1. Could you please let me know if Asp101 is of a type outside the set (Phe, Trp, Tyr) and modelled with pLDDT under 95?
2. When the residues of the range 81-105 are filtered to those that are free of Cβ contacts under 8 Å to residues at least 40 places away in the same chain and farther than 24 Å from Leu178 by Cα, which remaining residue is surrounded by the fewest Cβ atoms within 10 Å (Cβ to Cβ)?
3. Looking at the range 131-149, which of its residues are more than 17 Å from the chain's Cα centre (by Cα) and free of Cβ contacts under 8 Å to residues at least 60 places away in the same chain?
4. Being within 12 Å of the ligand (Cβ to nearest atom) and surrounded by 18 or more Cβ atoms within 10 Å (Cβ to Cβ) is the filter here; which residues of the range 177-191 pass it?
5. Name the single residue, out of those in the range 138-176 being of a type in the set (A, V, I, L, M, F, W, C) and closer than 16 Å to Met111 by Cβ, that is farthest from the ligand (Cβ to nearest atom).
6. List the helices (runs of 4 or more DSSP H) inside the range 28-94, counting only whole elements, that have at least 1 residues being within 8 Å of the ligand (Cβ to nearest atom) and under 30 Å from Phe162 (Cβ atoms).
7. Assuming Val99 fulfils every condition listed in (1) in a loop (DSSP other than H, G, I, E, B); (2) over 14 Å from the mean Cα position of the chain (by Cα); (3) not polar (S, T, N, Q) apart from one, which condition is it?
8. How many of the residues in the range 51-78 are touching a Leu at 6+ places or on another chain (Cβ under 7 Å) and within 27 Å of Met212 (Cβ to Cβ)?
Amino acid sequence: LPLSDRLARYVIDGTKEGLIADLDEALQSYKPLEIINGPLMAGMTEVGRLFNNNELIVAEVLQSAEVMKAAVAYLEQYMEKSDTYAKGRLLLATVKGDVHDIGKNLVEIIMANNGFDVVNLGIKVAPEQLIQAIREHQPDMVGLSGLLVKSAQQMVVTAEDFRHAGIDLPILVGGAALTKKFTLTKIADKYDGPVLYAKDAMEGLDIANQLMS
Ligand code: B1M
């Protein structure tokens, strides 16, 4: 198989044997993010398709997620880092009811490598936990991730709870089930501060940079 197909295959098959050697080979021609957004994401998309067709079970998807995480963890050391520090603080979480964290953790890596101080609260984070963490950590913005359809709705609830708590910090949202339209209508409608949608982690960084400039 060509290298890009092999990389996608590790994710689809949920196997790490040979992964590092192939990542090293890919690094000779591509940047770490190109490898993640290209063949590795293509593998994940295929996993999602197979899962949707009942051709994979949750345990197998979990193994695919482990491979993706291992690949991202290995590639992280080769990512470009900026020397700037403390551009701003981002409080980051996957919303209540949702365990998907690969995209969120990618956002953390990219933001942290580019001068942001990131407080990652993990997965299944309820609005009240976020509100408490905002008071404790005094971030400049809050990042919410969620991949399930119900997570988009959970973001609306979170925004509403923030409003009731008197919080109007910028909120950055992302995740597969979200759209810009949903963000600008449904979520922003329930909130007093800015709500911004990022389709991927790099767009999230661009938005965060604009907010802090
Ligand atoms: Co789940 N899962 N999953 N899953 N899973 C999806 C999301 C699904 C689309 C698969 C499918 O059916 N085709 C489907 C959702 C259906 C829906 O609601 N529309 C689904 C389902 C149904 C489920 C369960 C309900 C299955 C079950 O138990 N029956 C269950 C949910 C549990 C829960 O959350 N309560 C479940 C569980 C799991 C695993 C645990 C097995 C595993 C997650 C492991 C983990 O994350 N630690 C898993 C996986 C791996 C997936 C798929 C296959 C891949 C997700 C992924 O990691 N992608 C996924 C199908 C798919 O997306 N193709 C699927 C790679 C990652 C880098 O992309 O997270 O989208 P992503 O992040 C992107 C952008 O979205 C964006 O940037 C990233 C790229 O740079 N982004 C942000 C994300 N967050 C951002 C935040 C930002 C900015 C950008 O700013 C703050």
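1. no
2. Checking each candidate, the answer is Asp83.
3. Hits for the range 131-149 are Ile131, Gln132, Ala133, Ile134, Arg135, Glu136, His137, Gln138, Pro139.
4. Listed by number, the residues that qualify are Leu178, Thr183.
5. Going through the qualifying residues, I end up with Leu169.
6. The qualifying helices (runs of 4 or more DSSP H) are 58-76.
7. Unmet for Val99, out of (1) in a loop (DSSP other than H, G, I, E, B); (2) over 14 Å from the mean Cα position of the chain (by Cα); (3) not polar (S, T, N, Q): (2).
8. Residues that pass the stated criteria total 3.
The values are calculated or read from the model by the stated rules, or taken from the named source; none is laboratory data. Model, not experiment: these values are computed from the prediction. FYI the Cβ positions are ideal-geometry reconstructions off the backbone, even for glycines, and counts take in every protein chain you see.
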